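*Asks:* For reference, the structure I am asking about is given below.
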Protein chains: 2
Amino acid sequence: MALLNTTINDFLDQLATKEPVPGGGSVAAVSGAMAAGLISMVCSLTIGKKKYAEVEAEMHGLMDRAEALRHELQELAEADVDAFRRLSAAYKLPRETSADVAIRRDAIEQATVVATDVPLQTARAAASIIPLCRPAAEKGNSAAISDVGVAVLLAQAAVRSALLNVEINLHSLQDTRYVLQTRAQVSAITQSLSADTEAIMALVNGQLA
Amino acid sequence: MALLNTTINDFLDQLATKEPVPGGGSVAAVSGAMAAGLISMVCSLTIGKKKYAEVEAEMHGLMDRAEALRHELQELAEADVDAFRRLSAAYKLPRETSADVAIRRDAIEQATVVATDVPLQTARAAASIIPLCRPAAEKGNSAAISDVGVAVLLAQAAVRSALLNVEINLHSLQDTRYVLQTRAQVSAITQSLSADTEAIMALVNGQLA
């Protein structure tokens, strides 16, 4: 895991350069991982507290799911860099002969499918954090309620960000069946995203008031 | 800069523990810094390209502002940890005598003001990224349009996240004048946040379509 073993300062410095990686795809995955990490923190701050003994088993289950999503998103941040490198390499293939051109075209198509699948998985994983935020807000340590709010806001931003990376790649694909299937999945992921996020934000703001 | 000199993997692991720092306040600042870094990247990918020669001076100016905000947000991520530690220390002061109680109460009040000011500055800095996204979307390298979208989404999430940390601290403050002043600033920051974000997202989606 090369990318995430850099310091945050170095990652941010690299981000700001004209090197296209790390870019928006990895940033989306890191944002989702931070959202998942905050849910784990809220669970950790709830587990072992007398006042919350009744929900302890539920918090353990919630934390396990948040940690699984966090690790998946950390891997996806790395996978995004690999997918970009593969795509760049495909674009650099020779195009001297008509055979070259065909090989290059297929390599670009295949690499673009991977570069689309990675942010699609990122969007799906980040969207899976949102249902975890509701029990965290309702039953978790109320001292950490603002952290639940940050988690849901970042998870939503991660989903929408990842889907922009899906969209930009879909435009260069020839395989219309894959494009249509992917668009259907994008619609399913976004359908209740905004409503679900704002419903949890209403719970958070209700507890803050 | 201790916090941001940890690797992203370690930061995410620490986030997930029951240690309250790093928490939502630092995550908000890091998210804002990633948004600013992406705008710098878009400017870097525009500068030096023949096709974009006309906007080169504007892109340099944009990048300078994005970089200043990025560095401010990186410092605010660290400042959030310091503010939390100061507040924790204040809560741990002795309360044996009535003099102790008064000293402790004042220390908590002062530390809470700092713990409110830091996320308020974070929100303000993150909100300042949003106006930079419009020229980046309109005039920057169109190959990086999805990165502008990620930047505006993350900047918005950073603003809202930081303001949750302002809100949770305002509730424990006695100084009603400070509370009212701060609430007025929060209102000013959030007033057109959602509309501005979605207007830029419409530009981004228009270019992606």
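Let's see how each residue does on (1) more than 9 Å from every other protein chain (Cβ to nearest Cβ); (2) of a type in the set (A, V, I, L, M, F, W, C):
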{"position": "A:Asp106", "(1), (2)": "yes, no"}
{"position": "A:Ala126", "(1), (2)": "yes, yes"}
{"position": "A:Pro135", "(1), (2)": "yes, no"}
{"position": "A:Ile145", "(1), (2)": "no, yes"}
{"position": "A:Val150", "(1), (2)": "no, yes"}
{"position": "A:Glu167", "(1), (2)": "no, no"}
{"position": "A:Arg183", "(1), (2)": "yes, no"}
{"position": "A:Ala188", "(1), (2)": "yes, yes"}
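*Asks:* I'd like to know if segment B:73-92 contains one or more residues that are more than 30 Å from B:Val152 (Cβ to Cβ), not in a helix (DSSP H, G or I) and not aliphatic (A, V, I, L, M).
*Replies:* yes
*Asks:* Please find, within segment A:8-22, the residue that is surrounded by the most Cβ atoms within 10 Å (Cβ to Cβ) out of those that are touching an Asp or Glu at 6+ places or on another chain (Cβ under 9 Å) and touching a residue at least 12 places away in the same chain (Cβ under 8 Å).
*Replies:* Among those residues, the one meeting the criterion is A:Pro22.
*Asks:* Then there's this: If I filter segment A:41-68 down to residues being more than 10 Å from every other protein chain (Cβ to nearest Cβ) and acidic (Asp, Glu), which single residue comes out as farthest from A:Val148 (Cα to Cα)?
*Replies:* Selected residue: A:Glu54.
*Asks:* Here's another thing I want to ask about it. B:Gly37: within 9 Å of chain A (Cβ to nearest Cβ) and not β-branched (Val, Ile, Thr), yes or no?
*Replies:* Yes, satisfied.
*Asks:* Same structure again: Would you say A:Val113 is more than 12 Å from chain B (Cβ to nearest Cβ), at pLDDT 95 or above and at negative phi?
*Replies:* It is true that A:Val113 is more than 12 Å from chain B (Cβ to nearest Cβ), at pLDDT 95 or above and at negative phi.
*Asks:* Hey, another quick one. If a residue counts only when it is closer than 19 Å to A:Tyr52 by Cβ, which helices (runs of 4 or more DSSP H) contained entirely in segment A:120-209 have at least 1 such residues?
*Replies:* In segment A:120-209, A:130-139, A:145-170, A:193-208 are the helices (runs of 4 or more DSSP H) which contain 1 or more residues that are closer than 19 Å to A:Tyr52 by Cβ.
*Asks:* Quick check, is A:Leu62 within 26 Å of A:Ala2 (Cα to Cα) and part of a helix (DSSP H, G or I)?
*Replies:* No.
The values are calculated or read from the model by the stated rules, or taken from the named source; none is laboratory data. On a predicted model such as this, the values are computed, not experimentally measured, just so you know. Because the Cβ atoms are built from the backbone with ideal geometry, glycine has one as well, and the counts that use them run over all protein chains shown.
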